[in-house]
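Participant: First, the structure itself, so that you have it in front of you.
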Amino acid sequence: MRLMKLMMVCSIAVAALTMAGCKKEKFKSRDTSQIVPPPDVPIDTVVVDPSLVLFASADDAADWSTVGAVNIETENKKEGTGYIKNTITNGNEFMQFIYKPATPLDTKLTATNGQFMFWWYLSDPSLVKADGQIEINSVGDFDKEEYGWSIAALKPTLKAGWNEIKLNFNAADKAGGDFNPASVKQFRIFFFTEGKDHADLISGVDGLKFRIAPPMPDVSFDKADLPDGWETVGTPTIETNGKKEGIGYLKNTIANGGDFMQFIKQLPAPLNTTFTENNGQFKFWWYISDVSLLKADGSIEMTSSGKSDAFESAWDIAPLLPTLKNGWNEIKLDFSTAIKTGDGGANYAAVDHFRIFFFTTGKDHGDLITGIDDLRFGQKP
C-alpha cells in the first residue's frame, strides 16, 4: 500500500514537471531604458497658401503671344506640363511674353496686400540689359490701370537658370489709373540684350500666380553696438545699460551751456534696403531724457551720396515733437513722406549715410541725455 502511494506521488510530481516544462517562460525585457519607440514619420505634405491664385500655368499656347510663334517646352519646366520658351538669337536684342486671358482674373487681393509671382528662365543673365519691365493691368492694354516693376531693379538678383520672381503690389510703379486686383486682364514682360552681337539668350516663363504678400524682413543699417564709423559731438560713446537691442546704444548729452547734438554714420559700402519709395520705411530708436527741452528744429537724413545734402531723403524733427515721450521712442519714417533734395533724393538701393541733428530750446537747461539704437529699414504697413 505504501509502495502504491509512493508511486502515485512520484507520478504526480513527474506530470507537474512535464507541464511546467511545456509552458513558455516569460523573461523581463533586457531593454531597461523604458524608451517608447517613435511613431511612424508621416509622409511630408505640401502646405498650400490659401490665398494662392493661379493666373497662367503656361502649359499651352492659348492666350499667349511672344516674338514669333509661341513655343511650349516640356523639358525642365517648373510646374505643370510645360512652359513658354523663346530665344533672342545673335543679331537680335528684344524679347517679350504677353498673356491675355479670355476671362479676367479676380485675385481676391487688395492693392496693399497682393504679390505677383512667376518663374523666369534665363540662360545667361549677364546678357540682359538694365531696361524693360514686368507689367500686369486690369484693362487689357498697355500703360492703363497698370502695375509695373523694372528689370533694372531685378538684374542684380538674377542667376542663370530659373528665377522665382516675387513682386509686391505696393512696390509697383503705377501707370494710367488705379489697377484693379479683382479684374486682371493682361501680363507682359519685355526685356533686351545689351546689344545685337551676343550668344543666344534662351528665356522662358512659367507658373504665373497671385498671393497675399508675406511680410518682408527688416534690413539693418546699423545696430549702434560699436563706435566704428560713428561721428558725434565729441567722442562716440557706447552705453550698455538700457539698450533697446544688441549689446549697447550710441549715447551723448547736451550739457548745460550747449544747444546742439548730432549722430552721423557713414557705411563702408552702399546698402540695398530692398524697399522702394512706395513700400519702404526707415526705423530706429531715439532716447530723449526730457522732450520738453527739444527745439522744433533739426532733421533726420538718409543719403546715397556719402554726405549730407546730396541725394538725400530727410524728415524734419518738428512734426515728430508732439508724439515724443521721455525715454525711448521708436521712430518710423515712410520713404514716401521724405523731403528730397533737387537731385531726386536717396537711392534706396544704395544708401550709405545717416545723420540726425537737433537742438535744445536754449543753452541754459538741465543735461539732455540722448541716444540712438537699432537703425533699420522695413516694410511700410
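Participant: Hey, could you check region 331-347 for residues that are open to solvent by less than 80 Å² (accessible area, probe 1.4 Å) and of a type in the set (G, A, S) and say which is nearest to G229 (Cα to Cα)?
Facilitator: Looking at residues that are open to solvent by less than 80 Å² (accessible area, probe 1.4 Å) and of a type in the set (G, A, S), I get A346.
Participant: Ok, one more. Looking only at region 48-84, filter to residues that are among the acidic types (D, E) and closer than 20 Å to P181 by Cα; which one of those is nearest to the chain's Cα centre (by Cα)?
Facilitator: Within region 48-84, the first condition is being among the acidic types (D, E), and the residues that meet it are 49, 59-60, 63, 73, 75, 79.
From the residues that got through so far, the ones that are closer than 20 Å to P181 by Cα too are 49, 63.
Details: D49: 17, D63: 32 Å.
For region 48-84, the residue satisfying everything is D49.
Participant: While we're here: If a residue counts only when it is free of Cβ contacts under 8 Å to residues at least 60 places away in the same chain and among the charged types (D, E, K, R), which strands (runs of 3 or more DSSP E) contained entirely in region 270-317 have at least 1 such residues?
Facilitator: Details: elements: 280-288, 299-303, 312-316.
Here the list reads 299-303, 312-316.
Participant: Follow-up question, since we're still on this one. Can you tell me which residues in region 331-381 are among the basic types (K, R) and not in a strand (DSSP E or B)?
Facilitator: Step one: filter region 331-381 for residues among the basic types (K, R), giving 332, 340, 355, 363, 376, 380.
Hits for region 331-381 are K363, K380.
Participant: On the basis of being open to solvent by 30 Å² or more (accessible area, probe 1.4 Å), touching a residue at least 40 places away in the same chain (Cβ under 8 Å) and in a strand (DSSP E or B), does W328 make the cut?
Facilitator: yes
Participant: Please enumerate the residues belonging to region 263-272 that are open to solvent by less than 30 Å² (accessible area, probe 1.4 Å) and among the aliphatic types (A, V, I, L, M). Please lay out each step first, then the result.
Facilitator: Kept after step one, since they are open to solvent by less than 30 Å² (accessible area, probe 1.4 Å), are these residues of region 263-272: 263-265, 267.
Scanning region 263-272 gives I264, L267.
Participant: Moving to a separate point now. Identify, please: which residue in region 291-314 is touching a Ser or Thr at 6+ places or on another chain (Cβ under 7 Å) and either more than 28 Å from K243 (Cα to Cα) or of a type in the set (F, W, Y) (or both) and is, among those, surrounded by the most Cβ atoms within 10 Å (Cβ to Cβ)?
Facilitator: Taking the candidates together, the pick is E312.
Participant: Could you check region 64-122 and list, in sequence order, the residues that are among the hydrophobic types (A, V, I, L, M, F, W, C), touching a Phe, Trp or Tyr at 6+ places or on another chain (Cβ under 6 Å) and open to solvent by 70 Å² or more (accessible area, probe 1.4 Å)?
Facilitator: F94
The values are calculated or read from the model by the stated rules, or taken from the named source; none is laboratory data. As the structure is a computational prediction, the values presented were derived from the model and not from experiment. For neighbour counting, all protein chains shown are included, and Cβ atoms are generated from backbone atoms with ideal geometry for every residue, glycine included. With ligands, DNA and RNA removed, areas are computed over all heavy atoms of the protein, side chains included. Shrake-Rupley method; radii C 1.70, N 1.55, O 1.52, S 1.80 Å.
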